[in-house]
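The values are calculated or read from the model by the stated rules, or taken from the named source; none is laboratory data. For clarity, every value in this text was computed on a predicted model and none was experimentally measured. Quick reminder, even Gly has a Cβ in these numbers, built from the backbone with ideal geometry, and neighbours come from all protein chains shown.
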Amino acid sequence: MLRARNGIPAVHPLKPHPSPTTSTSTTTSLAAAAAAAAAMASPTAASPLTCHHLGASASPSLRSRLPAVSFSLRHRSSKPISLSHSHSLPSKPLFAPPPAAAASPSRGVLPPVSASASAAPAPAPPPKPALQGAAITPLLASIATGVLIWLIPAPAGVPRNAWQLLAIFLSTIVGIITQPLPLGAVALLGLGAAVLTRTLTFAAAFSAFGDPIPWLIALAFFFARGFIKTGLGSRVAYAFVAQFGSSSLGLGYALVFAEALLAPAIPSVSARAGGIFLPLVKSLCEACGSRSGDGTERRLGAWLMLTCFQTSVVSSAMFLTAMAANPLSANLTAATIGEGIGWTLWAKAAIVPGLLSLVLVPLILYVIYPPEVKSSPDAPRLAKERLAKMGPMSKAETIMAGTLLLTVGLWIFGGMLNVDAVSAAILGLSVLLITGVVTWKECLAESVAWDTLTWFAALIAMAGYLNKYGLISWFSETVVKFVGGLGLSWQLSFGVLVLLYFYSHYFFASGAAHIGAMFAAFLSVASALGTPSLFAAMVLSFLSNLMGGLTHYGIGSAPVFYGAGYVPLAQWWGYGFVISVVNIIIWLGAGGFWWKMIGLW
């Protein structure tokens, strides 16, 4: 027989023991049961073990006062010993007495008992999370690009510092394309390399962080956060669908023009596509029985996804504030030819070809890639149900709408009031912060805005100093000699440059990277060949958006709509090429006549 440390006889856990006589007091029986529990909890108890002897051989007086108890001690590698009621009893804490009984030991009720396998080792600590650093292969590709160009002797007429900056710049562009790290981190590494190699001073490398254009984009992202947060964006989209969505073609046009209406207020095509329109488009497709992965994609979803994507690049081209990289084009234009592109001039030049594309692109896709369902009577009903569920405009939506009208109005008429675009954006954000529609904490959490600010400013700085160091002028002279030797008119020469600029986007995963790498050089060459400078700048700016429709990675809205799974990759690329030809014809054909009328050339 075992003896507990307090001297009370204990029952061996593996042998039967005599039950107490009926003449033994209840207190003694309860003490024996407690001692048995203590013995099993003691380090001297055998392990592993499973005991049910208290329920089988305890005296009637003990069983009448105790519920059926199961004591179990698992293997050393398992969890500690557990005490539980029989499954036939309600789930309550073991031996939990009423408050009065707990206060009076003479009532003969055992206090709560706990047991643990003290011999079991402590659980192993969880493994440390793996470091999430750069992707090695893209990082090595980026570094190798820079080192290779750095080691090549600079061509005649190119200053050494310009050639070194070109090596760092192209290395940064490769990093932005392959993305071993987020864009902002890649750009910061590029600036760091320029400073460490003394190619740029610190002040020169970070000079563009004082430029208003990157801050305009960051402020617009904060503005967009309020637009999405309040639900005003979804309300506008549903209203369009409820009014025009009775047929598949009408539904497509409703979504297209709703997105175009929101474009000047939301500078991120990714935010417009992913935050507002993709959820709406998927809901409408599923309501019409078109789902990805079950063979019903062509009923409606494939055409609708492709239409919304291809027109999102058109709406991005129509307004200076409709796409994050558009201000980069405007900034490089001012740095290259000394003429700026304001919000009003951009919208005025793009309105006619843009509207033609918004009308013709859905129709052409409707013919060459038609949906199986030509009518969608459920779409207006679904949109009206969503609007009814949303109820009347909330106070936050009303403030957001008023602030939107104020800001867009200042973007349009600010020139007459001597208010620039960034000042208008600051005023609009100030209203949203004061009223609480957007909080500063939400602004700080808008990581895309800060990331965009970083890489945007870095590209502006490096591209600007490439021009100051004379590399752009050297490149322009070289290309002028080549293209000029072809004996073509400036119209044909510019056409060659346009095609080269446009279809080279297959090698870029970012419109901003493409603009930063090629815009200034091609604009310089076009101007040198006799193309009207502002005309060339506007065309290249518009094409910098339209070329995003070529692939499933060329612009922010591409992975959003392609990822929905309605259109196979081969068809996405194939129809992307077809629509690119359509857009070039519209913008250079009909757009050319319009630009002639307004005096661009």
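Some observations on this one:
- Residue count, region 186-204 (criterion: in contact (Cβ under 8 Å) with a residue 12 or more places away in the chain and either assigned to a loop (DSSP other than H, G, I, E, B) or touching a Phe, Trp or Tyr at 6+ places or on another chain (Cβ under 9 Å) (or both)): 10
- Just one of the listed residues (Leu191, Leu261) is crowded, with 23+ Cβ neighbours inside 10 Å and either within 26 Å of the chain's Cα centre (by Cα) or among the polar types (S, T, N, Q) (or both), and it is Leu191.
- When the helices (runs of 4 or more DSSP H) confined to region 324-406 are screened for residues that are among the β-branched types (Val, Ile, Thr) and more than 28 Å from Leu540 (Cβ to Cβ), those reaching at least 1 such residues are found at 343-368.
- Residue within region 417-429 that is assigned by TED's automatic domain parsing to the domain that holds Leu546, closer than 22 Å to Gly245 by Cα and of a type in the set (S, T, N, Q) present: no
- Considered as a group, the residues in region 132-146 that are among the hydrophobic types (A, V, I, L, M, F, W, C) and surrounded by 11 or more Cβ atoms within 10 Å (Cβ to Cβ) include one that is nearest to Arg198 (Cα to Cα), and that residue is Ile143.
- Among the conditions (1) surrounded by fewer than 19 Cβ atoms within 10 Å (Cβ to Cβ); (2) among the basic types (Lys, Arg); (3) closer than 30 Å to Ala258 by Cβ, Arg225 misses just one, which is (1).
- Filter result for Leu497 (closer than 16 Å to Ala334 by Cα and either in contact (Cβ under 8 Å) with a residue 24 or more places away in the chain or in contact with a Lys or Arg (Cβ under 6 Å, 6 or more places away or on another chain) (or both)): no
- Only one of the numbered conditions (1) over 21 Å from Val448 (Cβ atoms); (2) of a type in the set (Gly, Ala, Ser); (3) under 17 Å from the mean Cα position of the chain (by Cα) is not met by Ser246, and that is (3).
- One residue stands out among those in region 565-583 that are among the aliphatic types (A, V, I, L, M) and crowded, with 20+ Cβ neighbours inside 10 Å: the one that is farthest from Leu280 (Cα to Cα), which is Ile579.
- Condition met for Leu360 (assigned by TED's automatic domain parsing to the domain that holds Ser248 and either in contact with an Asp or Glu (Cβ under 9 Å, 6 or more places away or on another chain) or without any contact (Cβ under 8 Å) to a residue 12 or more places away in the chain (or both)): no
- The residue that is surrounded by the most Cβ atoms within 10 Å (Cβ to Cβ), counting only those in region 437-475 that are without any contact (Cβ under 8 Å) to a residue 60 or more places away in the chain and more than 24 Å from the chain's Cα centre (by Cα), is Phe475.
- Taken as a whole, the structure leaves Val174 outside the set of residues that are farther than 16 Å from Tyr465 by Cβ and at pLDDT 90 or above.
- Residue check, Gly402 modelled with pLDDT under 85, more than 17 Å from Ser234 (Cβ to Cβ) and more than 27 Å from the chain's Cα centre (by Cα): no
- So Ser489, is it among the hydroxyl-bearing types (Ser, Thr, Tyr) and crowded, with 18+ Cβ neighbours inside 10 Å: no
- Tabulated pairs, region 264-287, first in the same structural domain as Tyr566 (by TED's automatic domain parsing) and closer than 18 Å to Ala401 by Cα, second among the hydroxyl-bearing types (Ser, Thr, Tyr) and assigned to a loop (DSSP other than H, G, I, E, B), C-beta under 9 angstrom, 6+ apart or interchain: Pro264/Thr321; Ala265/Thr321; Ile266/Thr321; Pro267/Thr321; Gly275/Ser268
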